[in-house]
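To keep things clear, I will list the structure first and then write my remarks on it.
Bear in mind that the values in this text are calculations on the coordinates, not laboratory data. Keep in mind that this is a model prediction, so the values were computed, not measured. Reconstructed Cβ throughout: ideal geometry from the backbone, glycine too, with neighbour counts over all protein chains shown.
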Amino acid sequence: MERVKTGIGGLDEMLNGGLIAGRPYVVMGAPGAGKSVLSTQFLFEGIKNNEKVLYVSLEEAKEELLQNMAVFGWDMSQMKILDTAQELGSERWVLRADTLMNPPEFTLDNLIKTMWDRIKVLKPKRIVVDSVTSVKMLYDKDFQMRRGLLSLMNFLFKSEATSLLTSTESSMNLMEQSLASGIIKLHKIESRGEIIHALSIEKMRGSDFDKHIRPIKITDRGITVFPNETVFEKG
Ligand SMILES: Nc1ncnc2c1ncn2[C@@H]1O[C@H](COP(=O)(O)OP(=O)(O)O)[C@@H](O)[C@H]1O
Ligand SMILES: [Mg+2]
């Protein structure tokens, strides 16, 4: 099976060479745990290999995302971005893509349609949907939300890209966790008044993987995983 390198030092080692290509994965963690940094780094690895990549940014507008990622010095000019923004002077949230003259309202149907239009033309090898929590908030009924999520996951499978869906932790996210081919969890642990960042792989279909929680560092070079270190000292 083809493996796709995440580009995150140490993580590919934990994954025995990378993610199995063409499948959707969930990246979960609390706000500030590093989901967007990890996602961007994953796409940037694709850009370095001359692959086409698509970032579906539903939490941060494109301008904000580019600003937040600027510190890492990654050249994002090749990254196609589809985002949401509130229309000036209205309550309406719309989907934006550089090819859309009339941005449609942010609904799941429109999201999938817009993504499909982009994917047909771009044929991306890597897709990020950041975050699936924003998709869920489109629904006020649980069963509709589950149906919507199922459509999105099915759609990502069909796209043939290797995709990451970010998700904040809650009891509501069992659905995407069971549908995903794998789950990467980002931890924020408080220890003696300090916040420690860490990463673990919770599930990976069709592959062996490192079962430990490993410390990570977020610096201006992105995320580095320390696959030979443990978070807690023994004893
Ligand atoms: N240049 C940097 N150096 C060190 N830490 C950074 C840098 N940029 C962002 N961070 C850290 O990365 C985290 C933000 O990650 P982000 O991916 O936006 O979180 P999430 O998407 O999970 O909410 C924050 O904890 C922030 O402190
Ligand atoms: Mg984020």
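Can you tell me how much longer the chain between GLU229 and LEU122 gets when fully stretched, taken as 0.36 nm per residue apart minus their C-alpha distance, in nm with one decimal?
Taking GLU229 through LEU122 to full extension adds about 34.6 nm, to one decimal.
Label-point separation (nm) for ASP142 and GLU63, each offset 7 Å from Cα along Cα-to-Cβ?
Reported label-point gap for ASP142 and GLU63 is 4.0 nm.
Need one number: % antiparallel among DSSP beta bridges in the range 3-225, to the nearest 5.
50 percent
Sort 53-60, 173-180, 204-211 for me by packing, meaning the mean count of neighbouring Cβ atoms within 10 Å per residue, highest on top.
Taking the mean over residues of other Cβ atoms within 10 Å, the ranking is 53-60, 173-180, 204-211.
Scale the Cα Rg of the chain by the rule-of-thumb value 2.2 N^0.38 Å and send over the ratio, two decimals.
Ratio of Cα Rg to 2.2 N^0.38 Å: 0.99.
In whole angstrom, how far apart do the alpha carbon centroids of the range 91-118 and the range 50-69 sit?
The distance from the Cα centre of the range 91-118 to that of the range 50-69 comes to 15 Å.
Please list 9-18, 113-122, 158-167 highest first by mean number of surrounding beta-carbon atoms within 10 Å per residue.
Output ranking for 9-18, 113-122, 158-167: 158-167, 9-18, 113-122.
So if I average 1/r over every pair of distinct C-alpha atoms in the range 57-98 and take the inverse, what Kirkwood radius in Å does that give?
Evaluated over the range 57-98, this radius sits at 11.2 Å.
Stretch THR99-SER191 to full length: gain in nm at 0.36 nm per residue minus the Cα-Cα span?
Here the answer is 28.4 nm.
Hey, what do the phi angles of the range 158-169 turn into as Karplus ³J(HN,Hα) couplings, whole Hz, using 6.51/-1.76/1.60 and θ = phi - 60°, x for Gly and Pro?
5, 5, 6, 7, 8, 10, 10, 10, 8, 8, 7, 6
Under the definition of Cα pairs under 8 Å and six or more residues apart, what whole-number percent is the relative contact order of the chain?
This gives 27 percent for the chain.
Within the range 126-149, name every residue whose backbone N is under 15 Å away from a label modeled 7 Å from Cα of GLU2 along the Cβ vector.
Within reach of a label on GLU2, which here means backbone N under 15 Å from a point 7 Å along Cα→Cβ, the range 126-149 contributes 126-127.
Figure the gain on full extension for LYS48 and ARG205 (residue separation times 0.36 nm, minus the Cα-Cα span) and round it to one decimal in nm.
Additional length available on full extension: 53.9 nm.
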